[in-house]
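K.L.:
Sharing a structure, written as structure tokens. Questions coming.
The values are calculated or read from the model by the stated rules, or taken from the named source; none is laboratory data. The shown structure was predicted, so the numbers you read here are calculated from the model rather than taken from an experiment. Using ideal geometry, Cβ is built from the backbone for each residue, glycine included, and neighbour counts are taken over all protein chains shown. When the accessible area is computed, the model is the full protein with side chains, heavy atoms only, and any ligands, DNA or RNA have been set aside. Shrake-Rupley method; radii C 1.70, N 1.55, O 1.52, S 1.80 Å.
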Amino acid sequence: MRTAVYPGTFDPVTNGHMDIIERALKLFDRLYVVVADNPQKNATFTAQERVGMLREALKSHNSRLEIEYFSGLLLDYAKKKKSNVIVRGLRAISDFEFEFQRAQFNREFAKDIETIFIMTKDDYAFLSSSIIKEIAMFQGSVNGFVPAVVEKKLKEKFGK
Ligand code: ADP
């Protein structure tokens with residue numbers, strides 16, 4: 001069985017993430033979507049909320065997905081799940097440096113774990129969780145950019 005781990009902050013999940021997940025599911029039999037905390041980012045939604053939104057948005061794929069929160073080193077998570085592939089998405093050259101450093105670090109500490117990159121769909125190249133939050137904060141429409149459950153949650157959080 002081919003398995004992979006797709007880690008991220010998912011604060012909140014966007015259609016850009018959804019697209020990467022759907023495409024990764026074409027390559028792997030099982031995908032572990034792992035919600036992590038990025039020490040460089042202050043999350044807007046709690047880990048529980050982020051996991052909840054992902055689970056709701058992806059409920060039709062549930063048999064091939066496992067969605068959970070993990071606090072710790074990603075490599076330890078991947079080993080625990082006996083998975084030797086990490087999936088990341090790439091949007092622009094600006095993502096490259098950070099991702100390159102991460103992938104090198106992971107290779108240094110776990111030689112048998114490979115990081116693979118899936119290119120964004122053009123339509124979502126500009127899309128990030130922070131842009132979505134900025135739009136929602138100023139009462140703009142995020143329709144078409146995030147799953148319905150996220151649109152609802154953003155309204156609850158930022159709606160007037
Ligand atoms: P992190 O804080 O780990 O970067 P994110 O939740 O921001 O977590 O992103 C998780 C992964 O999804 C990253 O590899 C990121 O590059 C990718 N990603 C985010 N948005 C998009 C998008 N619009 N298209 C493709 N990949 C994306």
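K.L.:
Considering only residues of segment 1-53 that are within 19 Å of V85 (Cα to Cα), touching a residue at least 40 places away in the same chain (Cβ under 8 Å) and among the β-branched types (V, I, T), which is farthest from the ligand (Cβ to nearest atom)?
P.N.:
Checked segment 1-53; the qualifying residue farthest from the ligand (Cβ to nearest atom) is T3.
K.L.:
When you go through F126, F117, F100, F105 one by one, which is the residue that is hydrophobic (A, V, I, L, M, F, W, C) and under 14 Å from the mean Cα position of the chain (by Cα)?
P.N.:
Details: F126 fails: under 14 Å from the mean Cα position of the chain (by Cα); F100 fails: under 14 Å from the mean Cα position of the chain (by Cα); F105 fails: under 14 Å from the mean Cα position of the chain (by Cα).
Residue meeting the stated conditions: F117.
To keep it simple, each residue is scored yes or no on (1) charged (D, E, K, R); (2) in contact (Cβ under 8 Å) with a residue 60 or more places away in the chain.
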position	(1), (2)
K82	yes, yes
F96	no, no
T120	no, yes
V142	no, no
K153	yes, yes
F158	no, no
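K.L.:
If F145 satisfies every condition in (1) away from the ligand (no atom under 15 Å from the Cβ); (2) open to solvent by less than 80 Å² (accessible area, probe 1.4 Å) but one, which is the exception?
P.N.:
(1)
K.L.:
Still on this model: Return only the number of the condition from (1) more than 13 Å from the chain's Cα centre (by Cα); (2) modelled with pLDDT of 95 or more; (3) hydrophobic (A, V, I, L, M, F, W, C) that M1 does not satisfy.
P.N.:
It fails just one condition, (2).
K.L.:
Now for a different question. What are the residues in segment 81-134 that are farther than 21 Å from V150 by Cβ, of a type in the set (A, V, I, L, M, F, W, C) and either open to solvent by 80 Å² or more (accessible area, probe 1.4 Å) or within 8 Å of the ligand (Cβ to nearest atom) (or both), if any?
P.N.:
Of everything in segment 81-134, those that are farther than 21 Å from V150 by Cβ, of a type in the set (A, V, I, L, M, F, W, C) and either open to solvent by 80 Å² or more (accessible area, probe 1.4 Å) or within 8 Å of the ligand (Cβ to nearest atom) (or both) turn out to be L90, I93, F96, F98, F100, F105, F109, F117, M119.
K.L.:
Inside segment 3-54, can you point out the residues that are of a type in the set (F, W, Y) and closer than 14 Å to K133 by Cβ?
P.N.:
If we filter segment 3-54 for residues that are of a type in the set (F, W, Y), which is where we start, we get 6, 10, 28, 32, 45.
Within segment 3-54, F10, F45 qualify.
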